[in-house]
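Below you'll find the structure, written out as C-alpha cells, and then a few comments.
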Amino acid sequence: MNNFTFHNPTIIHFGQGQISAISQAIPADAKVLVTYGGGSIKTNGVYEQVVEALSGHEWGEFSGIEPNPQYDTLMQAVQKVKQEGYNYVLAVGGGSVVDGSKFIVAAAEFDGNPWDILAQGAALQTALPLGCVLTLPATGSESNAGSVVSKGNDKLFFFSPLVQPAFAVLDPQVTLSLSARQVSNGVVDAFVHVMEQYVTFPVNAKVQDRFAEGLLATLMEEGPKALSTPQDLKVRSNIMWSATQALNGLIGVGVPQDWATHMIGHEITGHYGVDHARTLSIVLPAVLKFKTPQKQAKLAQFAERVLGMQAGSDEQKASQAIAKIEAFFQSMEVPTRLSDVDLGADNIDTLINSLQQHGREQLGEHGDIDIATSRKILELAC
Ligand code: NZQ
Ligand code: ZN
C-alpha cells in the first residue's frame, strides 16, 4: 500500500427528512444563493423543503444549470453572486448542479480569468463556502473536491479542497422521482468509479479492496432492483450511500488508479452529448479487454470475491468477469458499444484529436495508455 493522507471534511446528513438540517448547517447570517438545474426540484417537493428550511435565512436563487454544466451559464451565476453580495452557495440537484456550483464558488473569488481554473489548473487562494442537497446518486461530487465543467466541445475538470461541500444532504426519498434512465446512469457511474480505483494491480491494500468489493456487490445487487421495483426506498438508500462512498476518496487512498475510461468518456460527451455514464459503459469493457494482461490479477479477484467464481484459471476468471460486467450494464439498460449510440469508426479521429489536444496521452495506472492505445480501445468499443 502506498503512503497517503486522508481527510474528508464533508458532513453527511443522510435519510428521510434531512433537508431540514440545512437550517442549522448554514450560518444564520449567511446570504445564500440556491443553485439548481432545469426544474426537477420544483415538481418533486425538494424546492418546498429547501424554502422551508431556509425560512430564517436571507436567500435568492439561480436556476438553469444544465446537465454537463456550461461555463457561460455558470459565469452568469458568478456575476449574480458578485452583484448581489451572496456569501454562501447551496447546490440543489445532481452532479451537474453540484459541479457547476463548485465552479461558481471558485470563480466568484478568483483573481484573474476564471477559465484558467479549468484550462490551466490555476490554483485557488479562496472560495465561497458551499453546501448541497443531492438529488441524483451518481458522481460522488457531494463529498469530493472535483468538478467537471463544459465549454463547447471541451469537457474539463478541476480539483480544489476549497470547493468541497461543507455538508451534503442525502435523502433517498428525493431520488424516487428520477427517470429509469437517470437511475441507470447513476448506478453505472458509481460502479465505474469503484472499478477505476480497484481494477489496477494488487498492492496488498486489503481494506480498500474489501470496501471496493462491498460497493461493487451492492451496486450489482441493488441496481437492477431500482429498475424493477422503482418505489423501493431501501434499494435507493443503499444505492445512494454506495455512490457517495464510491468517490469520496476513501477507497482510492494508497492504491493505483486508472481514470482512462473517464478521460475517454468525457471526450464522447464533449463531442456527441452522450450521457456521462453511458460513455463509461461503452469504454470500460474495451479498456478491461485491452488491458487484461496488466489487470488480470484484480479482475480474477473481482470474479472470485464479488461474482463468486471459483473454478478456472485467472485468465478464464478475468474474461468471464468482463463478460459479467457487460451483462450487468445490459441489465441496467445502458449501451456497451459505440454503435449502440449511433457512433463508430468514423468518429474516432475526432475523439483522438481531442484527447491529444487535452493532453490525455499517459492514461491508466501505468501511464501507458497513449494516443495510439486510446485509438485501439475506441476501435474495440465499436
Ligand atoms: O436539471 P434538473 O431539472 O434537476 O434535472 C436533472 C437532469 O436533467 C435530473 N434530475 C436530477 N435529480 C433528479 C432529476 N430528475 C428527477 N428527479 C430527481 N431527483 O437528472 C438529469 C441529469 O442530472 P445531472 O446532474 O447531469 O446528472 P449526474 O448526477 O449524473 O451528473 C453528471 C455530471 O457530473 C460529472 C459528469 O461529467 C457530468 O457532467 N461528474 C462529476 C464528478 C465529480 N465531480 O466528482 C465525477 C463524475 O465522474 C462525473 O464526471
Ligand atoms: Zn463518473
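Bear in mind that the values in this text are calculations on the coordinates, not laboratory data. Only a predicted model underlies this, so the values are computations on that prediction, with no experimental measurement involved. Glycine gets a Cβ as well: all are built from the backbone with ideal geometry, and neighbour counts include every protein chain shown.
List of remarks:
- Burial ordering of 328, 14, fewest other beta-carbon atoms within 10 Å first: 14, 328
- Annotation: the residues 171, 111, 314, sorted from fewest to most other C-beta atoms within 10 Å of their own C-beta, follow the order 111, 314, 171.
- The relative contact order of the chain, computed from alpha carbon pairs under 8 Å that lie at least 6 residues apart in sequence, is 15 percent.
- Spatial separation of Cα centroids for the range 76-103 and the range 362-382, in angstrom: 36 Å
- Computed from the alpha carbon atoms alone, the convex hull of the range 2-133 holds 138 Å³ per residue.
- Estimated from the Cβ-Cβ distance and a Förster radius of 22 angstrom, the FRET efficiency linking residue 217 and residue 166 is about 0.10.
- Centroid-to-centroid, using Cα positions, the range 153-167 and the range 198-223 are 25 Å apart.
- Label-point gap, in nm, between residue 7 and residue 87 - each point 7 angstrom along Cα→Cβ: 2.3 nm
- When the Cα gyration tensor is reduced to axis lengths a ≥ b ≥ c, the ratio a/c is 1.5 or higher for the range 299-382, and with a/b not above b/c it is classed as oblate.
- Amide H contacts under 5 Å for residue 248: none, restricted to partners 5 or more places along the chain or on a different chain, H placed in the peptide plane at 1.01 Å from N.
- The lysines within cross-link reach of residue 295, meaning a Cα-to-Cα straight distance under 30 Å and a gap of 8 or more places when in the same chain, are 155, 206, 225, 317, 324, 376.
- Where only alpha carbons of the chain are counted, the Rg and the Dmax (Å): 20.3, 65
- Square roots of 5 times each gyration tensor eigenvalue, C-alpha, the range 126-181, largest first, Å: 22, 18, 8
- Calculated SAXS-style log₁₀ I(q)/I(0) at q = 0.25 Å⁻¹ - the range 279-338, Debye, Cα scatterers: -0.99
- In a fully extended conformation the segment linking residue 357 and residue 177 would gain 60.9 nm over its present Cα-Cα distance, using 0.36 nm per residue.
- Phi to ³J(HN,Hα) by Karplus 6.51 cos²θ - 1.76 cosθ + 1.60 over the range 277-285, Hz, x for Gly, Pro: 5, 6, 6, 5, 5, 7, 7, 4, x
- Ranking of 135, 126, 350 by count of other Cβ atoms within 10 Å, fewest first: 126, 350, 135
- Alpha-carbon Rg/Rh ratio, for the range 339-382, with Rh computed the Kirkwood way: 1.00
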